[in-house]
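The values are calculated or read from the model by the stated rules, or taken from the named source; none is laboratory data. The shown structure was predicted, so the numbers you read here are calculated from the model rather than taken from an experiment. Cβ coordinates were reconstructed from backbone atoms using ideal geometry, including for glycine residues, and neighbour counts include every protein chain displayed.
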Amino acid sequence: MNGPDYADLLLRLFLDLCAIGVLNALLWLRRPQRGLFMVFTAFNVGVFTLLAVISQRHIGPAVGFGLFALLSIVRLRSEPFSNAELSYFFCALVLALINGLRVDEVLFQVLLDAVLLTTLFFVDHPSLYRPTARRSVTLDELVTDEDALSARLSADFGVEVLAVDIAEIDYVRDLTRVEIRYVAPERAAR
């Protein structure tokens with residue numbers, strides 16, 4: 001069995017770090033949130049190092065099941081991501097897989113990175129979506145009708161409410177906690 005090719009490993013790590021850097025730059029420009037940069041980068045580099053070890057030795061199919069389970073655990077055990085943030089997270093995972101496995105053609109890896117990042121750039125382009133914002137609201141009354149709640153919150157805040165998720169109804173204290181997603185006012189969008 002041959003030892004690790006350190007030059008190849010460093011080249012793949014460099015490619016992965018460049019790709020995750022571009023992904024994080026896209027994320028920062030479109031969804032600035034400091035904690036996500038750390039999560040995506042740490043997870044990406046962690047999976048990269050795991051795959052670098054796996055590519056040195058033949059390890060059975062259980063590793064593939066383990067990687068799949070890893071994504072499920074992150075989804076269940078962590079702070080909930082929005083769908084867009086989960087997309088960035090998934091791309092961070094895929095970038096680690098692409099760059100972590102040994103491939104004879106480095107140009108092939110660069111091409112795959114470019115395809116993934118270009119796709120992400122276009123599918124999350126701001127011109128495709130109306131700017132929205134989220135807000136947690138606690139009402140000092142019990143409200144269970146989502147349509148009535150949406151109309152009331154639209155009038156109270158002077159915005160177009162797109163979605164209302166009832167997080168909690170506290171019958172003891174007569175409270176309703178909701179998460180709303182609404183069209184962001186123009187000045188906030190800029």
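Details
- Taking each residue of segment 30-52 that is of a type in the set (Ser, Thr, Tyr) and looking for partners that are modelled with pLDDT of 70 or more with beta-carbon atoms closer than 6 Å, six or more apart or interchain, yields 41/20.
- Given (1) surrounded by fewer than 11 Cβ atoms within 10 Å (Cβ to Cβ); (2) within 30 Å of residue 8 (Cβ to Cβ), index of the condition residue 120 fails: (1)
- Close pairs from segment 158-177: first over 13 Å from residue 143 (Cα atoms), partner basic (Lys, Arg), Cβ under 7 Å, at least 6 apart: 162/181; 163/181
- Selection within segment 135-159 - of a type outside the set (A, V, I, L, M) and surrounded by 13 or more Cβ atoms within 10 Å (Cβ to Cβ): 135, 146, 150, 152, 154, 157
- Set side by side, the residues 117, 111 differ, and just one is under 18 Å from the mean Cα position of the chain (by Cα) and either in the same structural domain as residue 13 (by TED's automatic domain parsing) or not in a helix (DSSP H, G or I) (or both), which is 117.
- Looking only at segment 123-148, and only at residues there that are within 26 Å of the chain's Cα centre (by Cα) and modelled with pLDDT of 80 or more, the one that is farthest from residue 170 (Cα to Cα): 133
- Within segment 1-27, tally of residues that are touching a helix residue (DSSP H, G or I) at 6+ places or on another chain (Cβ under 7 Å) and at pLDDT 75 or above: 13
- Qualifying positions in segment 125-149 - assigned to a loop (DSSP other than H, G, I, E, B) and of a type outside the set (Val, Ile, Thr): 125, 129, 130, 131, 140, 141, 142, 145
- For segment 127-182, the set of residues classified as within 17 Å of residue 31 (Cβ to Cβ) and among the β-branched types (Val, Ile, Thr) consists of 132 only.
- The set of residues in segment 149-184 being under 29 Å from the mean Cα position of the chain (by Cα) and hydroxyl-bearing (Ser, Thr, Tyr) consists of 150, 154, 176, 182.
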